[in-house]
Amino acid sequence: MSYLELQNLTKHFTKREGWIGSGTTTVKAVDDVSLRIEKGEILGLVGESGCGKSTLSRLVMQLLTPTSGSVVLEGERLADLPPNEIRKRRRDFQMIFQDPYASLNPRMTVFSTLSEAILTRKTELKSDRKGLEAAVSGLMERVGLDSRYIRKYPHEFSGGQRQRIAIARALGPEPKLILADEPVSALDVSIQSQILNLLRELRDELELTMIFISHDLSVVRYIADRIAVMDEGKIVEIGESDAVFDSPQSETTKLLLSAIPQIR
Amino acid sequence: MALLEVNDLRTYFHTREGVVKAVDGVSFKVEAGETVGIVGESGSGKSVTCYSLLQLIPQPPGRIEGGTAKFGDLDLLSLGESEIRKVRGKRIGLIFQDPMTSLNPYLKISTQLMEPLLIHGKISKKEALERAIAELDAVGIPEPEKRIHSYPHEFSGGMRQRVMIAMALITRPEILIADEPTTALDVTIQRQVLDLIKSRQEELGTAVIFITHDLAVVSEVCDQVNVMYAGRFVERADVKTLFSSPRHAYTRALQRSIPALQSRGGKLYTIPGLPPNLAQGIEGCAFAPRCPEHEGMPEHSAVRPALTELEPGHWVQDCPACLAVKLTA
């Protein structure tokens, strides 16, 4: 049994057009996508903007309801679960966003951001201030942040450090699946490598399953075990990272590869 | 004579935490029609360098402490407000990283595209509109005569950056400053925008100062490259030399940290530590704390090393340690 399985997942958006919305057009943002992800695997999801990769990630995260098809997590169809069960399951799948400037609350210290995340799982720490503080410090150190900065606000950190806070927050509820949506594209090239190394280490240490979304094939190649290439809502190619990189089959993959700036 | 000759530019910010020497003695030349790159990490001072040239530094807290920038018979740094306005947007154009925030969402593209023409030249509105349409066409916007009456939100990110390029080039500037123009874009769109800048540059003969943190982008577009670290240039060479035989430890470390060039599976190379805090004075070689030192290596320079010419056209900060470091894979 695969850890996560998408079965014929489809999401259509309908847009009203014309005089008082008499006409409609349908956008097939995600169109009949099926794939499996094994436990501990990193799947890279690549494509140009507008290809549907963000919609797909929102479907996996249960932030959107699919038009048809289903998301199966550890053998359970998430759509069959009652809402309060899904809320409980939510701890198991967490997201890391592209822009650490926008995804962290500027009015919350690192401590409050991370303790909130930790308390979703470890409710017993609610009345144990010391234990909670230790858990937050531990989390900060795990992602390579100095725990002396526990009372600082996001604006006091650099871009790379902020992304580390965002990663720590995602790890707080001890998830099994992490969905990282362009986690390094807002960062300097020199910082990108640090964050990619960190994500890989965490995967190895915590046996995380990860979906890594990016438009940059060169980044995905490094981190992902397998790569799925999306275009117009469909998966046009999927395979081992090196295979996709070295002998691309689809036109979309070839286009993405040719767009990577080359050192000459 | 060079089109632009910057000499010993120093821009400091006077903050409560002390004097931040964001640009601390930078010199470079731009020849007509060539592309000069400035590469460095966030906070290295590359944007401040360019904004100083157009006096776009908020003063206070910023202040241009010294230096000259010879542009024809003008010194850009000592021009008064009314004179620099005749240069800014007319003879030197600018494009920014984020086309979402640099276009005014309330104004039609037509208004924003015609504005530089109406301000800088004696031209009728009708003529200005015609030229604006022609310019949109030149940057590859389909149906320009229709699209020009749209608002920025009706364009995609890549299209907005095309509009920005049209806006910057419509006055036919001699120099275009491009500040991370593709950083906010997808790789495929980045490719299109880079190609567009290159082709427009060739058609118009504009010189370009290209600011980026991405060495791979530099290698595609630039003729000359300056590598900036902690407010100074650590290395300067033509693009071929810089990539085939980089000399400074920082340049080499930057090159090694590009994910695209590393093989799968292993750990990615990263530069240890963080860039120095510029509010605290730097003594000696600024890169010393992050330098991958090894045994038998000479000491880092105790005074801030000067840029010296190793070979004709290849300049490096003269720190014995940074020049001797071995970076093995």
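The values are calculated or read from the model by the stated rules, or taken from the named source; none is laboratory data. For clarity, every value in this text was computed on a predicted model and none was experimentally measured. We place every Cβ from the backbone using ideal geometry, glycine too, and count neighbours over all the protein chains shown.
Table for the structure above
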{"read-out": "Residues of region B:39-59 classified as among the β-branched types (Val, Ile, Thr), more than 14 Å from every other protein chain (Cβ to nearest Cβ) and under 12 Å from the mean Cα position of the chain (by Cα), total", "value": "2"}
{"read-out": "Residue match in region A:216-223 (condition: under 23 Å from A:LEU104 (Cα atoms), out of contact with any Asp or Glu (no Cβ under 9 Å at 6 or more places or on another chain) and of a type in the set (A, V, I, L, M, F, W, C))", "value": "no"}
{"read-out": "Selection status of A:SER2, small (Gly, Ala, Ser), part of a loop (DSSP other than H, G, I, E, B), touching a Lys or Arg at 6+ places or on another chain (Cβ under 8 Å) and modelled with pLDDT under 90", "value": "yes"}
{"read-out": "Among residues of region B:306-325, those that are surrounded by 11 or more Cβ atoms within 10 Å (Cβ to Cβ), out of contact with any strand residue (DSSP E or B) (no Cβ under 8 Å at 6 or more places or on another chain) and assigned to a loop (DSSP other than H, G, I, E, B), counted", "value": "2"}
{"read-out": "Tally of residues being within 14 Å of chain A (Cβ to nearest Cβ), buried (at least 16 other Cβ atoms within 10 Å of the Cβ) and hydrophobic (A, V, I, L, M, F, W, C) across region B:262-305", "value": "4"}
{"read-out": "Residue that is farthest from the other protein chains (Cβ to nearest Cβ) [pool: residues in region B:202-213 that are of a type outside the set (Gly, Ala, Ser) and buried (at least 20 other Cβ atoms within 10 Å of the Cβ)]", "value": "B:THR206"}
{"read-out": "Residue match in region B:150-157 (condition: within 14 Å of another protein chain (Cβ to nearest Cβ), assigned to a helix (DSSP H, G or I), among the small types (Gly, Ala, Ser) and over 25 Å from B:SER102 (Cα atoms))", "value": "no"}
{"read-out": "Search result, residues across region A:188-198 that are more than 7 Å from chain B (Cβ to nearest Cβ) and without any contact (Cβ under 8 Å) to a residue 40 or more places away in the chain", "value": "A:ILE191, A:ILE195"}
{"read-out": "Helices (runs of 4 or more DSSP H) wholly inside region B:37-102 that include at least 3 residues being more than 13 Å from B:ALA178 (Cβ to Cβ)", "value": "B:46-53, B:81-87"}
{"read-out": "Residue check for A:GLU133: surrounded by fewer than 15 Cβ atoms within 10 Å (Cβ to Cβ) and in contact with a Ser or Thr (Cβ under 9 Å, 6 or more places away or on another chain)", "value": "no"}
{"read-out": "Count of residues meeting criterion [part of a loop (DSSP other than H, G, I, E, B) and at the interface with chain B (Cβ under 7 Å from one of its Cβ atoms)] in region A:240-264", "value": "5"}
{"read-out": "Some residue of region A:212-224 being at pLDDT 90 or above, within 24 Å of A:PRO261 (Cα to Cα), more than 10 Å from chain B (Cβ to nearest Cβ) and within 19 Å of the chain's Cα centre (by Cα)", "value": "yes"}
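Results for (1) modelled with pLDDT of 90 or more; (2) touching a helix residue (DSSP H, G or I) at 6+ places or on another chain (Cβ under 6 Å); (3) outside the structural domain of B:PHE13 (by TED's automatic domain parsing), shown as yes or no for each residue.
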| residue | (1), (2), (3) |
| --- | --- |
| B:CYS50 | yes, no, no |
| B:ARG85 | yes, no, no |
| B:GLY89 | no, yes, no |
| B:LEU113 | yes, yes, yes |
